[in-house]
Amino acid sequence: MYNAILDSLSPFAAALHALAAIIWVGGMFFAYLVLRPTLGHLEGPERLKIWAGVFPKFFGWVWISAIVLLITGYWQIFVDFGGLKGITIAIKLMMGIGILMVFIFFYLFFGPYEQFKKAVTAQDWAQAGERLNTIRKIVLINLKLGLITSAIGASGRLWAV
(Lines give C-alpha, C1' and ligand atoms only; values in the text may rest on other atoms or scores of the structure.)
Protein backbone atom coordinates (compact mmCIF):
# COMPACT_ATOMS: atom_id res chain seq x y z
CA MET A 1 0.00 0.00 0.00
CA TYR A 2 2.84 2.37 0.89
CA ASN A 3 4.43 1.79 -2.55
CA ALA A 4 1.08 2.33 -4.25
CA ILE A 5 0.77 5.74 -2.58
CA LEU A 6 4.32 6.69 -3.57
CA ASP A 7 3.76 5.49 -7.13
CA SER A 8 0.53 7.48 -7.38
CA LEU A 9 2.45 10.65 -6.50
CA SER A 10 5.09 10.10 -9.19
CA PRO A 11 3.20 11.84 -12.03
CA PHE A 12 2.73 14.85 -9.76
CA ALA A 13 6.45 14.84 -8.88
CA ALA A 14 7.43 14.57 -12.56
CA ALA A 15 5.12 17.45 -13.50
CA LEU A 16 6.45 19.65 -10.69
CA HIS A 17 10.00 18.80 -11.76
CA ALA A 18 9.33 19.91 -15.34
CA LEU A 19 7.52 23.08 -14.25
CA ALA A 20 10.32 24.08 -11.89
CA ALA A 21 12.88 23.62 -14.68
CA ILE A 22 10.76 25.66 -17.09
CA ILE A 23 10.40 28.48 -14.56
CA TRP A 24 14.12 28.65 -13.75
CA VAL A 25 15.57 28.16 -17.23
CA GLY A 26 12.81 30.14 -18.92
CA GLY A 27 13.33 32.99 -16.48
CA MET A 28 17.04 33.10 -17.24
CA PHE A 29 16.33 32.96 -20.97
CA PHE A 30 13.87 35.86 -20.69
CA ALA A 31 16.16 37.93 -18.46
CA TYR A 32 19.26 37.41 -20.58
CA LEU A 33 17.87 37.50 -24.11
CA VAL A 34 14.82 39.76 -23.77
CA LEU A 35 14.93 42.01 -20.70
CA ARG A 36 18.66 42.75 -20.72
CA PRO A 37 18.80 44.00 -24.33
CA THR A 38 15.56 45.93 -23.83
CA LEU A 39 17.01 47.82 -20.84
CA GLY A 40 20.31 48.50 -22.60
CA HIS A 41 19.29 51.95 -23.79
CA LEU A 42 18.56 53.22 -20.26
CA GLU A 43 21.03 55.23 -18.22
CA GLY A 44 22.94 53.29 -15.56
CA PRO A 45 20.96 54.24 -12.44
CA GLU A 46 17.61 53.71 -14.17
CA ARG A 47 18.63 50.33 -15.54
CA LEU A 48 20.16 49.24 -12.23
CA LYS A 49 17.04 50.21 -10.27
CA ILE A 50 14.91 48.08 -12.61
CA TRP A 51 17.22 45.10 -12.11
CA ALA A 52 17.11 45.74 -8.35
CA GLY A 53 13.33 45.33 -8.62
CA VAL A 54 13.47 42.28 -10.90
CA PHE A 55 16.03 40.20 -9.01
CA PRO A 56 14.16 39.69 -5.72
CA LYS A 57 11.09 38.43 -7.55
CA PHE A 58 13.02 36.22 -9.94
CA PHE A 59 15.41 34.86 -7.32
CA GLY A 60 12.44 33.98 -5.12
CA TRP A 61 11.18 31.77 -7.93
CA VAL A 62 14.67 30.34 -8.44
CA TRP A 63 14.84 29.33 -4.76
CA ILE A 64 11.47 27.60 -5.04
CA SER A 65 12.46 25.97 -8.34
CA ALA A 66 15.82 24.74 -7.03
CA ILE A 67 14.20 23.18 -3.96
CA VAL A 68 11.43 21.58 -6.02
CA LEU A 69 13.92 20.27 -8.59
CA LEU A 70 16.09 18.66 -5.94
CA ILE A 71 13.16 17.09 -4.06
CA THR A 72 11.32 15.85 -7.15
CA GLY A 73 14.52 14.74 -8.89
CA TYR A 74 15.56 12.58 -5.99
CA TRP A 75 11.95 11.43 -5.59
CA GLN A 76 12.03 10.13 -9.15
CA ILE A 77 15.45 8.51 -8.67
CA PHE A 78 14.45 6.60 -5.55
CA VAL A 79 10.72 5.98 -6.14
CA ASP A 80 10.53 5.60 -9.92
CA PHE A 81 13.99 4.22 -10.76
CA GLY A 82 14.75 2.21 -7.63
CA GLY A 83 17.74 4.24 -6.50
CA LEU A 84 21.02 5.42 -7.91
CA LYS A 85 21.82 2.01 -9.42
CA GLY A 86 18.71 2.23 -11.59
CA ILE A 87 19.43 5.52 -13.33
CA THR A 88 20.74 6.07 -16.83
CA ILE A 89 23.66 8.21 -17.93
CA ALA A 90 21.16 10.91 -18.96
CA ILE A 91 19.74 11.10 -15.45
CA LYS A 92 23.24 11.10 -13.96
CA LEU A 93 24.15 14.02 -16.22
CA MET A 94 20.99 15.93 -15.32
CA MET A 95 21.60 15.32 -11.63
CA GLY A 96 25.23 16.45 -11.81
CA ILE A 97 24.55 19.53 -13.90
CA GLY A 98 21.52 20.40 -11.77
CA ILE A 99 23.53 20.25 -8.55
CA LEU A 100 26.23 22.38 -10.19
CA MET A 101 23.57 24.92 -11.20
CA VAL A 102 22.27 25.09 -7.63
CA PHE A 103 25.78 25.73 -6.29
CA ILE A 104 26.37 28.40 -8.94
CA PHE A 105 23.09 30.04 -7.93
CA PHE A 106 24.11 29.95 -4.24
CA TYR A 107 27.36 31.70 -5.17
CA LEU A 108 25.51 34.29 -7.27
CA PHE A 109 22.88 34.93 -4.60
CA PHE A 110 25.16 35.19 -1.58
CA GLY A 111 28.06 36.87 -3.40
CA PRO A 112 27.58 39.19 -6.38
CA TYR A 113 23.84 39.72 -5.78
CA GLU A 114 24.38 40.70 -2.11
CA GLN A 115 27.08 43.14 -3.26
CA PHE A 116 24.77 44.45 -6.00
CA LYS A 117 22.00 45.17 -3.46
CA LYS A 118 24.40 47.01 -1.16
CA ALA A 119 25.78 49.08 -4.04
CA VAL A 120 22.29 50.04 -5.24
CA THR A 121 21.24 50.97 -1.70
CA ALA A 122 24.36 53.15 -1.38
CA GLN A 123 23.71 54.54 -4.88
CA ASP A 124 27.21 53.44 -5.86
CA TRP A 125 26.21 53.02 -9.50
CA ALA A 126 29.68 52.12 -10.73
CA GLN A 127 29.96 49.25 -8.23
CA ALA A 128 26.36 48.17 -8.89
CA GLY A 129 27.11 48.11 -12.62
CA GLU A 130 30.19 45.94 -12.06
CA ARG A 131 28.19 43.52 -9.90
CA LEU A 132 25.41 43.44 -12.50
CA ASN A 133 27.99 42.50 -15.12
CA THR A 134 29.24 39.68 -12.87
CA ILE A 135 25.66 38.51 -12.34
CA ARG A 136 25.10 38.59 -16.12
CA LYS A 137 28.09 36.32 -16.70
CA ILE A 138 26.99 33.87 -14.02
CA VAL A 139 23.43 33.79 -15.35
CA LEU A 140 24.77 33.06 -18.82
CA ILE A 141 26.71 30.07 -17.46
CA ASN A 142 23.63 28.74 -15.67
CA LEU A 143 21.44 29.43 -18.70
CA LYS A 144 23.74 27.34 -20.89
CA LEU A 145 23.81 24.55 -18.29
CA GLY A 146 20.02 24.74 -17.94
CA LEU A 147 19.46 24.50 -21.68
CA ILE A 148 21.82 21.52 -21.89
CA THR A 149 20.03 19.84 -18.99
CA SER A 150 16.63 20.53 -20.56
CA ALA A 151 17.79 19.00 -23.84
CA ILE A 152 19.03 15.94 -21.97
CA GLY A 153 15.72 15.73 -20.11
CA ALA A 154 13.78 15.89 -23.36
CA SER A 155 15.94 13.41 -25.25
CA GLY A 156 17.68 11.24 -22.66
CA ARG A 157 15.08 8.47 -22.66
CA LEU A 158 15.86 7.98 -26.35
CA TRP A 159 19.60 7.57 -25.88
CA ALA A 160 20.94 4.17 -26.80
CA VAL A 161 23.62 4.30 -24.08
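For segment 1-146, report the accessible area per residue in Å² (1.4 Å probe, heavy atoms, rounded to an integer). Using a 1.4 Å probe on heavy atoms only, each residue of segment 1-146 averages 57 Å². Computed from the C-beta positions of residue 122 and residue 97, the FRET efficiency with R₀ = 45 Å rounds to 0.80.
On a 25 Å Cα-Cα criterion, which of the cross-link pairs 118/144; 92/117; 92/144; 57/144; 85/137 come out too long?
Numbers: 118/144 28 Å; 92/117 36 Å; 92/144 18 Å; 57/144 21 Å; 85/137 36 Å.
Over 25 Å Cα-Cα: 118/144; 92/117; 85/137.
Segment 1-64 and segment 83-161 have their alpha-carbon centroids 11 Å apart. Can you compute the FRET efficiency between residue 9 and residue 30 using 1/(1 + (r/R0)^6), with r the Cβ-Cβ distance and R0 = 35 Å? Round to the nearest 0.05. Once the sixth-power term is evaluated, E becomes 0.70. Each Lys and Arg Cβ is given +1 and each Asp and Glu Cβ -1; about its Cα centre, the chain then shows a dipole of about 220 debye.
Keeping the other protein chains in place, figure out the carbon and sulfur percent of the accessible area of the chain, with a 1.4 Å probe.
The C+S portion of the solvent-accessible surface of the chain is 71 percent.
Taking 8 Å as the Cα distance limit and 6 or more residues as the minimum spacing, I'd like the relative contact order of the chain as a percentage.
Numbers: 114 pairs, mean separation 51.7, N = 161.
Contact order relative to length: 32 percent.
Between residue 50 and residue 78, the contour length at 0.36 nm per residue exceeds the Cα-Cα span by 5.9 nm. What percentage of all Cα-Cα pairs in the chain are separated by more than 28 Å? Here the long-distance tail beyond 28 Å is 31 percent of all Cα pairs in the chain.
One chain, two ends: residue 71 and residue 147. Fully extended at 0.36 nm per residue, the span grows by 25.3 nm beyond their Cα-Cα distance.
Sites counted here are chymotrypsin sites (Phe, Trp or Tyr not before Pro) in a DSSP loop (not H, G, I, E or B) having no more than 15 other Cβ atoms within 10 Å; the longest part of the chain that contains none of them is 1-80. One chain, two ends: residue 57 and residue 43. Fully extended at 0.36 nm per residue, the span grows by 2.8 nm beyond their Cα-Cα distance.
The values are calculated or read from the model by the stated rules, or taken from the named source; none is laboratory data. Every value quoted in this text rests on a predicted model; they were computed, and no experiment measured them. Note: ideal-geometry Cβ built from the backbone for every residue, glycine included; neighbour counts use all protein chains shown. Calculation scope for accessible area: heavy atoms of the full protein, side chains included, ligands and nucleic acids excluded. Shrake-Rupley method; radii C 1.70, N 1.55, O 1.52, S 1.80 Å.
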